Amino acid sequence: MKLIHITDLHLMPPGETLWGLDPLARFDAALADIAAHHADAALCAITGDLTEKGDIAAYALLRERLAGFPIPTRLILGNHDDRANYLKVFGGADETGHVQHVLKHEGRHLLFLDTLKGPPSSAGLYDAPRRAWLEARLAEGGGAPAYLFMHHPPFDIGHPLMDLIKLDDAEAFAALIKGHDIRHIFFGHAHRTISGSWNGIGFSALPSLNHQLPLVGGSVETVYSDEPPMYAAVTLADAMTLVHSDAFMHRNPAQMHADAERGNWF
């Protein structure tokens, strides 16, 4: 199965910029690039912070853009989102009132989780009602390989700022998924390219489409930085999960003749 992962759009109402950057223009560029090069993907997953301030106008822009996008797309919420406003535009709450859903595809279960805690905290929360929902969905999977999509990581990522605002109830979350065949966790929130394993589970995160967090605080003068936005092209297979991150706005020709290095490399 091929899918596309995007995260942290931070869309603003029409015509507004964020930290000197245009989130909508970057999102449009990402969608155009994905449609041009990855139209064969079965799914696009966007893992939260869909908007910067949870404005209905920003959600309406998102809905408008996705209406013309050729790949089916699943959305979840991040700490910058507003659940009530999102539901007014998109609907789709689960029985607990959260934005959670399941996709079964080729014997795999893809689970999309709502970790939005709500203001004033930027941390995540996966409380008892949501844990019960996930436990029931995992049980329904009958042992099928599962892939989790969430905004907040349930573990430290080695970034002093972001580790303060990860998933609050991380230990309960870890206990819930223990013993299940969780193949990979895709998350946002970090505004950086990150990959590794946690308790034997692979994970990956991506830069925002708008602004990033410097790996080392003080390496730039501001809290946020302007580093290349990326999306990921992901392949889910029985024996592996393959994640390619693509800095689509910085894919420029090298200083070389167009016919150079076209020979046989093997």
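Each value in this text was obtained by applying a stated rule to the coordinates, not by laboratory testing. Here the structure is a predicted model, which is why all the values come from computation and not from measurement. Every residue, glycine among them, receives a Cβ derived from its backbone with ideal geometry; neighbour counts consider all protein chains shown.
Before moving on, here are some points about what is shown:
- Computed over the chain with a Gaussian network model linking Cα atoms closer than 10 Å, the most mobile of A254, A45, A190 is A254.
- Taking every C-alpha pair closer than 8 Å and separated by at least 6 residues, the mean separation divided by the residue count of the range 2-250 gives a relative contact order of 20 percent.
- Sites D226 and A35, calculated FRET efficiency, Cβ-Cβ separation with R0 30 Å, nearest 0.05: 0.75
- Restricting attention to the chain, close to 50% of DSSP beta bridges with both partner residues there are antiparallel.
- Cβ-derived FRET efficiency at R0 25 Å, M1 paired with M256, nearest 0.05: 0.10
- Given their separation in residues at 0.36 nm each and the Cα-Cα distance between them, D181 and I165 gain 3.1 nm when the chain is fully extended.
- Evaluated with a Cβ-only charge set (Lys, Arg +1; Asp, Glu -1), the range 185-266 carries a dipole of roughly 100 debye about its Cα centre, given to the nearest 20.
- Farthest positive-ward along the chain dipole, Cα basis, beta-carbon charges - from A136, M162, T241: A136
- Net charge contributed by nearby residues that have their C-beta within less than 15 Å of A132 (K/R +1, D/E -1): -4
- Theoretical gain in end-to-end length, A42 to E140 [0.36 nm per residue, Cα-Cα removed]: 33.0 nm
- Considering only M256, M12, M162, the mean-square fluctuation computed in a Gaussian network model of the chain, springs between alpha carbons under 10 angstrom, is largest for M256.
- Choice from H184, H152, H250 showing the highest fluctuation, given a GNM over the chain with Cα pairs closer than 10 Å: H250
- FRET E, pair D28, L87, Förster distance 22 Å, beta-carbon r, rounded to 0.05: 0.35
- Whole-angstrom gap from the range 198-251 to the range 95-143, using each part's C-alpha centre: 23 Å
- Within-12-Å neighbourhood charge of T73 [Cβ basis; K, R +1; D, E -1]: +3
- Note on the range 88-220: Rg/Rh from C-alpha atoms, Kirkwood Rh, equals 0.97.
- About its Cα centre, the chain has a charge dipole of approximately 480 debye under the convention of +1 per Lys or Arg Cβ and -1 per Asp or Glu Cβ, with nothing else charged.
- Taking the number of Cβ atoms within 10 Å of each Cβ as an exposure proxy, the fewest-first ranking of F173, F266, F248 is F266, F248, F173.
- Option label - Kirkwood radius over Cα pairs in Å computed here, alternatives [x] 21.0; [y] 21.8; [z] 19.1: [z]
- Of all stretches in the chain that contain no GluC sites (Glu not before Pro) in a DSSP loop with at most 11 other Cβ atoms within 10 Å, the longest one is 107-220.
- Full-stretch length increase - D94, N199 - with 0.36 nm per residue and alpha-carbon distance subtracted: 35.0 nm
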